[in-house]
Amino acid sequence: MQANLSTATPGATGGLEVTLTGFARALRSAGVPVTQDRTQSFLRAVAEVGADHQAGVYWAGRATLCAEPDHFPLYDKVFEAWFRGEVPRLVRSRANPPNRATPGMVEAPGGSTEGGPVQPDVVRVRASDADVLRHRDVADLTPAERAALAQLFALIRPRPPLRRSARRRPARRGSLDARATLREELRRGGEPGRLRYRRPGRRPRRVVLLIDVSGSMSSYADALLRLAHVWVRSAPLGTEVFTVGTRLTRITRALRARDPDDALKAAGEQVPDWSGGTRLGDVLGAFLDRWGQRGVARGAVVVIFSDGWERGDPAVLAAQMARLHRLAHRVVWVNPHRGKAGYRPVQGGIAAALPYCDDLLAGHSLATFAELVEVVGSA
Amino acid sequence: MTDGESPGGARSGADGAARPASPEALAAALRATGYLADDGLATVAWLALAMRRPLFLEGEPGTGKTALAEALAEALGAELVRLQCYEGIDASQALYDWDFPRQVLHLRAVEATRRPDEQVDVAAVEQSLFDERFLLARPVLQALRSDNAVLLVDEVDRADDEFEAFLLEVLSTHAVTIPELGTIRAANPPMVVLTSNRTREVHDALKRRCLYHWVEHPGLAREIEILRTRLPQVPQRLAEQVASVVMRMREGGNGRGALEAPLLKPPGVAESLDWARALMELGRRELDVETAANTLGAVCKYREDADRVRDSLDRLLAG
């Protein structure tokens, strides 16, 4: 029922309360989480501000029924439909606060009328676009969808894998820390205080990403580089990124830039062998000779993003992978085709490398990237 | 306005403090202190006063959330008690703490002045340890004890969930139980303003207890008005230029602005006030490209932002 506030007399509290409660319920079915106590506060607020004051009712409702800026557009729509009134457009209500990606934002298209003339417009809720985008294969996206996906990358929060360190840290339990306990006692003038303990600390392990940028992986290159950028931003000094194709290129420094587009542009300029062939075995050997021996790969978690289409000799690849496995703490192979139905790792290159990998994961969509980040974080 | 009150005037509530009778009256009182609030903010703040609910302000940094609490305190003639939240804050930092070193000294004094044959009443000595003078009242307790206070809980998104639960308890009951002293109930519950920069989602249980408002950047006309009110010596032309350039910087990246990509930190009202003040110090009466490039540090606080703005300065300043 569309109610006109100006005709609702203050004395007829019954009718007014029904109107306002109905508005709250309509708002709830539109997707704003309105609970019973919020509705009660709304009624109290309208009683304070006066029901004849339309702008007052608008602000009272916005203050009591909405919990986030994302709810404001829905609130405006339902308010306009319910009270057939002008929404005070004093400030632009933005759909999103800027610089924050909010996936899964509920979208409410124009409502459809239900039943008889006394039913209000019910605004329907439909599954969010962003959730579906997360599970789509990156290679199949249109450029517009790719741009939308790029926003969602910011939500991946990699945490570094940890290992025990030799240094002891203050802790709630563990072995007694005599020095700290004594100092605490001195601070209290000789009165016994709390006992202080210490236990071995945790340090982050290095993460090394090797991204195959040959022709067969070219449709995934953009997404993988964005993932690498997010990773580098989360731990700038503890992550190393290399591209492998026919040459080995270190792009860690380029990816340290804050803006993803700048980082990708800088990385693109550095890499000479985009969409070329793959000589994974030789390049891996070069990596281990130059960087592995220097300790970048030692004790690290190494992630290789490749589909394993190898031009060179699979035996060479197997030998280098054996070396890598001995050097690194954990080797994770990410294959974009792994997620597809009917895939079997029987092709020469990947079959040779598989015995030396600790994990073989899929890496074709944002959801699989998030899983990969979890696996590495707990390695 | 019902009869018996002066229209637009203040109405005394049960707490004896002068409470504005309508949102317009509150806006006028805030304007008298130099804070220009728009209708929505004034209505929600007035409702918070009337319903005795906390006011939860969320918004970008630099939009005047903390300033509102200060202006409210001044307008209501109340004492402003400020609790700055940080990561790891706990109840003892917010509520109260016992001054342990002083208590120990008191014990030593009692011990030193005791005559050798005197019997010591242990219970009495222990009781004297938990006296008012050894109690360090932290902001929340100060606000609860005060007659007329505005409690500002600043940046509550920096604290963690346990602190939120503690705040929720205090805000619901307006009472604090100190085991040694008893329960301290607030005679006049303070007006509570919570601010957040939305770096973390505050739990809904706390938000439900409060009245929620999102503070936006002001529009062009309002920003010019703020500049002229806060800095009366700034000429009209300069205020207009500063306000329109800052507006364009905020709009960056949505297709019609002069900047292709949005800034990492769009400038707020605080930044435009700083910029106007800086230009006044330099003695400028108009804004030109060179002066703007030199004084960019007052507006852009990130290097990438400063570079981006410097590249598009001529477009930003154009008409």
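The values are calculated or read from the model by the stated rules, or taken from the named source; none is laboratory data. Computed from a predicted structure; not experimentally measured. FYI the Cβ positions are ideal-geometry reconstructions off the backbone, even for glycines, and counts take in every protein chain you see.
Things worth noting here:
- Total residues in region B:264-300 satisfying the condition of being of a type outside the set (A, V, I, L, M) and within 14 Å of chain A (Cβ to nearest Cβ): the figure is 4.
- Hey, B:Val234 in a helix (DSSP H, G or I) and either assigned by TED's automatic domain parsing to the domain that holds B:Ala270 or modelled with pLDDT under 90 (or both) or not: no
Residue-by-condition table, conditions (1) within 24 Å of B:Leu36 (Cβ to Cβ); (2) of a type in the set (Asp, Glu); (3) modelled with pLDDT of 90 or more:
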{"site": "B:Asp160", "(1), (2), (3)": "no, yes, no"}
{"site": "B:Glu164", "(1), (2), (3)": "no, yes, yes"}
{"site": "B:Leu171", "(1), (2), (3)": "no, no, no"}
{"site": "B:Leu181", "(1), (2), (3)": "no, no, no"}
{"site": "B:Asn188", "(1), (2), (3)": "no, no, no"}
{"site": "B:Val193", "(1), (2), (3)": "yes, no, yes"}
{"site": "B:Ile224", "(1), (2), (3)": "yes, no, yes"}
{"site": "B:Glu240", "(1), (2), (3)": "yes, yes, yes"}
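- Test: B:Leu80 is within 17 Å of A:Val57 (Cα to Cα) and touching a strand residue (DSSP E or B) at 6+ places or on another chain (Cβ under 7 Å): no
- Matching helices (runs of 4 or more DSSP H) fully within region B:255-319 where at least 3 residues are buried (at least 18 other Cβ atoms within 10 Å of the Cβ): B:269-281, B:303-311
- Taking helices (runs of 4 or more DSSP H) as the structural unit, those lying wholly within region A:257-328 and holding at least 1 residues that are within 29 Å of B:Glu304 (Cβ to Cβ) and not small (Gly, Ala, Ser) correspond to A:260-270.
- Restricting attention to region B:173-203, the residues that are away from chain A (no Cβ under 14 Å), hydroxyl-bearing (Ser, Thr, Tyr) and surrounded by fewer than 21 Cβ atoms within 10 Å (Cβ to Cβ) add up to 3.
- Applying the criterion of being under 20 Å from the mean Cα position of the chain (by Cα) and loosely packed, with under 15 Cβ neighbours inside 10 Å to the residues of region A:156-182, the residue that is farthest from A:Pro204 (Cα to Cα) is A:Arg157.
- Options B:Gly297, B:Gly268; residue that is at negative phi, touching a Pro at 6+ places or on another chain (Cβ under 9 Å) and at pLDDT 85 or above: B:Gly268
- Per this entry, B:Asp311 is counted among residues that are within 14 Å of another protein chain (Cβ to nearest Cβ) and farther than 20 Å from B:His217 by Cβ.
- Qualifying residue in region B:21-31 (condition: away from every other protein chain (no Cβ under 11 Å), part of a loop (DSSP other than H, G, I, E, B) and touching a helix residue (DSSP H, G or I) at 6+ places or on another chain (Cβ under 6 Å)): no
- Any hit, region B:209-222, residues being part of a strand (DSSP E or B), within 26 Å of B:Leu95 (Cβ to Cβ) and of a type outside the set (Asp, Glu): yes
- Which numbered condition A:Glu310 fails, given (1) modelled with pLDDT of 85 or more; (2) crowded, with 20+ Cβ neighbours inside 10 Å: (1)
- Considered as a group, the residues in region B:71-108 that are more than 14 Å from chain A (Cβ to nearest Cβ) and charged (D, E, K, R) include one that is surrounded by the fewest Cβ atoms within 10 Å (Cβ to Cβ), and that residue is B:Glu87.
- Taking the criterion of being within 7 Å of chain A (Cβ to nearest Cβ), under 11 Å from B:Cys210 (Cα atoms) and surrounded by fewer than 20 Cβ atoms within 10 Å (Cβ to Cβ), the only residue of region B:37-70 that qualifies is B:Met51.
- Selection of region B:204-233 for residues being surrounded by 17 or more Cβ atoms within 10 Å (Cβ to Cβ) and either more than 26 Å from the chain's Cα centre (by Cα) or without any contact (Cβ under 8 Å) to a residue 40 or more places away in the chain (or both) yields B:Arg208, B:Ile224, B:Arg228.
- Residue match in region A:264-286 (condition: in the same structural domain as A:Pro336 (by TED's automatic domain parsing), under 19 Å from A:Arg206 (Cα atoms) and either touching a Leu at 6+ places or on another chain (Cβ under 7 Å) or of a type in the set (Phe, Trp, Tyr) (or both)): yes
- A:Gly201 being within 14 Å of chain B (Cβ to nearest Cβ) and touching a residue at least 12 places away in the same chain (Cβ under 8 Å): no
- Filtered by the rule that a residue be within 9 Å of another protein chain (Cβ to nearest Cβ), closer than 23 Å to B:Ser196 by Cα and at pLDDT below 90, region A:47-70 gives A:Ala67, A:Glu68, A:Pro69.
- Region A:22-46: number of residues that are more than 9 Å from every other protein chain (Cβ to nearest Cβ) and in a helix (DSSP H, G or I): 14
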